[in-house]
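Below is one structure, written out as structure tokens, with a few remarks after it.
The values are calculated or read from the model by the stated rules, or taken from the named source; none is laboratory data. Just so it is clear, the structure is predicted and the values come from calculations on it, not from any experiment. Every residue, glycine among them, receives a Cβ derived from its backbone with ideal geometry; neighbour counts consider all protein chains shown. For the accessible areas, the whole protein counts, side chains as well, though only heavy atoms, and no ligand, DNA or RNA atoms are used. Shrake-Rupley method; radii C 1.70, N 1.55, O 1.52, S 1.80 Å.
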Amino acid sequence: LTILGILIAIMSNAQQMPQYTQYMLNQFAINPAVAGTKECLNIKLGYRAQWVGFEGAPRTAFVNINGIIPIKRPRNHRTKHGVGVLAETDGMGPLSRTSLYLAYAFHTQVARKYNLAFGVFAGFHQFRFDRSKVTLSNADDPIIAGSRNAFVLPDIIPGLWFYSDNFYAGLSWRNLLRNDFKVVGDASRFTHHFLLTAGRKWEAAGDWSFIPNGMLKIAPLSPPALDLNVLVDYRNTIAFGLSYRNVDALAGVVRLNFLKYFTVGYSFDLTTSRIRYGSSNTHEVIIGIYSCPINGGNTFECPTFN
């Protein structure tokens, strides 16, 4: 029950949503306004094994797809519409969650090289409690016996995205509805999560580029979490970099574009929090598929860097 209580506390007050090290390669997973940013269809698949070797540690898998709504003769060339779908599954100890969202985003040009997008995710969570993963001294414990095996809750996530060909900044608001839920023991309530992201691409001498990125995560009752990352890119073919998360880990990231339409990213987190005594690393893999090719090996034909 002590272990279960710790897991419930973590789920209730801190990591109520999936965490990604490669957020800079998978922005649509955290902000619906990204839908339609690129002119091509964008598909991402990924898996994250957090705190490998730690029993009951988080495991996350996802698939998402987004693109623009094709309009043959748009009345206003300064605007466009994006749509997308996001599916995630996230498990931690005896608790697991499956989410499905539909996304819509409206993009408008606000300056010669800058655009602003407003987006929203609308969908639901299905939460499950697996009693078979709980070991009790009293098999008839009334708290466990009275727990719910599964329940479904609606969810809405709004977002903003300001971007150009070499810059982006975004804000998303997760758990907008703050649904009440009860799995084991007393009822709990989801807390708001605010995610602020930003990044810029600087061209260096030759075919090299430097891409610093950052993400600030704010949730009541939890310390702010800051992710900082710097990628070094060569001809938009291979990139590598380092990440720092102030409350948890140091990470190495590598991304490879291949066969014109594909990209794969891998990150390795070295745990720095007290969890390191039970597990010292986290692995994350992301695969991207694009409907537009890499142009001459230098850059995607689609606007906005990844």
>> Consider the stretch 194-246. How many of its residues are of a type in the set (S, T, N, Q) and open to solvent by 20 Å² or more (accessible area, probe 1.4 Å)?
In response: 3
> In the stretch 144-170, which residues are surrounded by 14 or more Cβ atoms within 10 Å (Cβ to Cβ), modelled with pLDDT under 90 and in a strand (DSSP E or B)?
Replying inline: PHE151, LEU153
> Does the stretch 262-277 hold any residues that are open to solvent by 40 Å² or more (accessible area, probe 1.4 Å), outside any strand (DSSP E or B) and not hydrophobic (A, V, I, L, M, F, W, C), and which are they?
Replying inline: THR272, ARG274, ARG276, TYR277
> Could you list, in sequence order, the residues of the stretch 48-69 that are buried (at least 16 other Cβ atoms within 10 Å of the Cβ) and assigned to a loop (DSSP other than H, G, I, E, B)?
Replying inline: GLN50, TRP51, PHE54, GLY56, ALA57, PRO58
>> For the list (1) out of contact with any Gly (no Cβ under 6 Å at 6 or more places or on another chain); (2) in a strand (DSSP E or B); (3) crowded, with 17+ Cβ neighbours inside 10 Å, I need the number of the one condition that THR37 fails.
In response: (2)
> Which is aromatic (Phe, Trp, Tyr), touching a Phe, Trp or Tyr at 6+ places or on another chain (Cβ under 8 Å) and under 30 Å from THR79 (Cβ atoms), of TYR234, TYR261?
Replying inline: TYR261
>> Scan the stretch 80-97 and tell me whether some residue there is closer than 20 Å to LEU171 by Cα, in contact with a His (Cβ under 9 Å, 6 or more places away or on another chain) and free of Cβ contacts under 8 Å to residues at least 40 places away in the same chain.
In response: no
>> Checking ALA249 against (1) under 20 Å from TYR168 (Cα atoms); (2) crowded, with 16+ Cβ neighbours inside 10 Å, only one condition comes out false. Which one?
In response: (1)
>> Which condition from (1) modelled with pLDDT under 90; (2) closer than 24 Å to LYS201 by Cβ is the one that TYR277 breaks?
In response: (2)
>> Can you tell me which condition LEU221 does not meet? The list is (1) in contact with a strand residue (DSSP E or B) (Cβ under 9 Å, 6 or more places away or on another chain); (2) of a type in the set (A, V, I, L, M, F, W, C); (3) not in a strand (DSSP E or B), and all the others hold.
In response: (1)
>> Which of the numbered conditions does PHE181 fail, given that it passes all the others? Conditions: (1) at pLDDT 90 or above; (2) open to solvent by less than 50 Å² (accessible area, probe 1.4 Å); (3) out of contact with any Gly (no Cβ under 7 Å at 6 or more places or on another chain); (4) of a type outside the set (D, E, K, R).
In response: (1)
